[in-house]
Amino acid sequence: MPAATARNGKSATARKSGPNPLKKWASKLFSRPLKLKRIGWQLHVVFAETKLQPPSSRGSSRGEALRMAHEALQALLARHEDARQVVPHLRHLEQALARIGSRALIELPDKVLQRAMDQLDMLEGARRSDEIMPLRVRIDEALRRRAPVNLRGDIANIDVQEASESQYQEAEVSWTHRMELDAIYAQVTGNGALTTTK
């Protein structure tokens with residue numbers, strides 16, 4: 001004989017499948033507190049604000065760290081009332097961060113970023129704020145990314161002297177590790193393999 005069926009033709013085990021998601025949603029909806037709110041001359045029934053706050057993320061990403069550093073920069077500028085007039089490059093950086101976020105570090109010119117760092121050093125003095133440190137790091141990264149590798153102060157350390165042609169040849173061989181063709185042919189054995197001498 002088939003399994004026991006309910007009156008509507010469905011099996012009795014199918015009815016006990018679990019909580020109904022629609023009932024769960026409706027119970028959550030109607031269990032929220034309601035309040036009356038006057039809008040103009042009319043009264044409206046609205047949901048009261050819940051006491052649940054969205055979870056706040058704590059500096060886990062570079063973007064969040066930059067946002068927190070921007071807030072710390074705003075607080076620093078607010079602490080010094082006249083600072084916005086004294087440090088225009090730092091003010092411009094702060095406004096650009098507020099407007100376009102991390103793109104400001106890409107779009108602002110090098111000189112503005114460098115001058116803003118100098119003004120931030122002047123404003124903070126000897127004590128460096130840990131909250132602003134991510135902003136310092138990101139500005140430093142942006143400036144390094146733009147600077148050509150060969151022009152980062154290396155030219156100032158070059159000493160140019162006159163040299164003879166034989167000295168130049170020796171220097172070129174030592175720099176490029178090139179060997180004369182005769183030396184390469186001398187190392188090749190009869191079967192065509194290159195022997196190395198140590």
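Since every read-out is calculated from the coordinates, none of them should be taken as a lab result. Everything quoted here is computed from the prediction, not taken from an experiment. Reconstructed Cβ throughout: ideal geometry from the backbone, glycine too, with neighbour counts over all protein chains shown.
Computed from backbone phi, the HN-Hα couplings of region 116-133 come to 5, 5, 4, 5, 5, 4, 5, 6, 7, x, 6, 8, 9, 7, 5, 5, 8, 4 Hz, rounded to whole numbers (Karplus: 6.51 cos²θ - 1.76 cosθ + 1.60, θ = phi - 60°; Gly and Pro given as x). Modelled label positions at Lys24 and Arg127, each set 7 Å beyond Cα in the direction of Cβ, lie 5.2 nm from each other.
How long is the gain from Gln42 to Arg99 if the chain were fully straight, where each residue apart is worth 0.36 nm and the alpha carbon distance is subtracted?
On the way: separation 57, 0.36 × 57 = 20.52 nm, distance 3.86 nm.
Separation in residues times 0.36 nm, less the Cα-Cα distance, equals 16.7 nm.
Here the 3J(HN,Hα) profile of region 97-104, calculated from phi with Karplus coefficients 6.51, -1.76 and 1.60 at θ = phi - 60°, is 5, 5, 6, 10, x, 5, 5, 4 Hz, Gly and Pro shown as x.
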